């Protein structure tokens, strides 16, 4: 049974035509798309993070297979929860599962087949329409990374992915980590977000999975998807990435609906 959307009409338009129009408005016409090994994409409401996601995916040739790594905002186990429940529905239609890749991940020693963390989680759902917009034939495998995942588990998962993808005939797959950046409140919130996001972006540009994990811990950076981003970084390095590039960056204060004393940062990163 397909996963049904839970934040359509809240985070993004529930009507297919309006959703397609919104994504089109965030997508620069002059952007040149090229293959990539990995992407970091935000997952807030489109009013806030849609422009960053749009500018990022406009520069990526989305392949037929995407491995989507998401955080969990409500579950803390299992550490690596694999979705096995069928296609993901959005207003743009159903994104089918890549059955061979999902089956291979089900036999991975670190993952557990468990749909429960995925059902209420918005962080993957808001990314999928961008993938469908750029490639309507995209097929997915989805892992929800919860708070109990350790750094070693994330690095081991990442290191194992090149061989696993090749075995499934998905060696050209794109690995997408879903994450917003810093979340801060107070009269200095924007200043703190800009400082902390720069520190995290620096580590991602350096392709340093350990560095990203450590700087978020040592500096108290509230990057909600640091765990899936750590796994993605380990994976793209294992796949031979030589470049981590910032494609777009913003904060909730840039949105017409932003402002106030609570600020969230957003970044789009491309890894090749």
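The values are calculated or read from the model by the stated rules, or taken from the named source; none is laboratory data. Quick caveat: nothing in here was measured; it's all calculated off a predicted structure. As a convention, Cβ positions derive from the backbone with ideal geometry for all residues, glycine included, and neighbour counts pool all protein chains shown.
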Here the residues within the range 80-103 that are surrounded by fewer than 20 Cβ atoms within 10 Å (Cβ to Cβ) and over 30 Å from residue 20 (Cβ atoms) are 103
Across the range 52-75, the tally of residues that are surrounded by fewer than 24 Cβ atoms within 10 Å (Cβ to Cβ) and assigned to a loop (DSSP other than H, G, I, E, B) stands at 9
Taking the range 108-127 and the residues there that are over 15 Å from the mean Cα position of the chain (by Cα) and assigned to a helix (DSSP H, G or I), the one that is surrounded by the fewest Cβ atoms within 10 Å (Cβ to Cβ) would be 116
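Sort out for me the helices (runs of 4 or more DSSP H) sitting completely within the range 177-272 that have 1 or more residues that are surrounded by fewer than 21 Cβ atoms within 10 Å (Cβ to Cβ), in contact (Cβ under 8 Å) with a residue 24 or more places away in the chain and touching a strand residue (DSSP E or B) at 6+ places or on another chain (Cβ under 6 Å). Lay out the reasoning, then the answer.
On the way: elements: 189-205, 209-218, 226-238.
Once the helices (runs of 4 or more DSSP H) in the range 177-272 are filtered for at least 1 residues that are surrounded by fewer than 21 Cβ atoms within 10 Å (Cβ to Cβ), in contact (Cβ under 8 Å) with a residue 24 or more places away in the chain and touching a strand residue (DSSP E or B) at 6+ places or on another chain (Cβ under 6 Å), what remains is 189-205.
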Result of the Cβ filter at 8 Å on the range 1-14, keeping first residues that are free of Cβ contacts under 8 Å to residues at least 40 places away in the same chain and partners that are in a loop (DSSP other than H, G, I, E, B) and buried (at least 16 other Cβ atoms within 10 Å of the Cβ), at least 6 apart or interchain, is 10/45
Reported set for the range 140-171 where residues are in contact with a helix residue (DSSP H, G or I) (Cβ under 8 Å, 6 or more places away or on another chain) and over 19 Å from residue 81 (Cβ atoms) is 159, 162, 165, 167, 168, 169, 170, 171
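Among the residues of the range 27-64 satisfying the criterion of being more than 17 Å from the chain's Cα centre (by Cα) and modelled with pLDDT of 95 or more, which is farthest from residue 207 (Cα to Cα)? I'd like the intermediate steps shown before the answer.
First pass over the range 27-64, keeping only residues more than 17 Å from the chain's Cα centre (by Cα): 27-34, 47.
Remaining after also requiring modelled with pLDDT of 95 or more: 27-28, 33-34, 47.
Details: 27: 26, 28: 26, 33: 21, 34: 19, 47: 29 Å.
If we take residues in the range 27-64 being more than 17 Å from the chain's Cα centre (by Cα) and modelled with pLDDT of 95 or more, then 47 is farthest from residue 207 (Cα to Cα).
Quick one: count up the residues across the range 146-197 that are on the phi > 0 side of the Ramachandran plot and under 19 Å from the mean Cα position of the chain (by Cα). Give the steps one after another, and end with the answer.
Step one: list which residues in the range 146-197 are on the phi > 0 side of the Ramachandran plot, which gives 169, 186.
When the remaining residues are screened for being under 19 Å from the mean Cα position of the chain (by Cα), the result is none.
Qualifying residue count for the region: 0.
Can you find, within the range 25-36, the residue that is surrounded by the fewest Cβ atoms within 10 Å (Cβ to Cβ) among those that are in contact with a helix residue (DSSP H, G or I) (Cβ under 8 Å, 6 or more places away or on another chain) and within 16 Å of residue 135 (Cβ to Cβ)?
Here the answer is 33.
Residue 16 - would you say it is touching a helix residue (DSSP H, G or I) at 6+ places or on another chain (Cβ under 9 Å) and surrounded by 12 or more Cβ atoms within 10 Å (Cβ to Cβ)?
Working: touching a helix residue (DSSP H, G or I) at 6+ places or on another chain (Cβ under 9 Å): no; surrounded by 12 or more Cβ atoms within 10 Å (Cβ to Cβ): yes.
No, not satisfied.
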In the range 128-171, anything part of a loop (DSSP other than H, G, I, E, B), over 11 Å from residue 62 (Cβ atoms) and touching a residue at least 40 places away in the same chain (Cβ under 8 Å) is listed as 146, 147, 148, 149, 150, 168, 169, 170
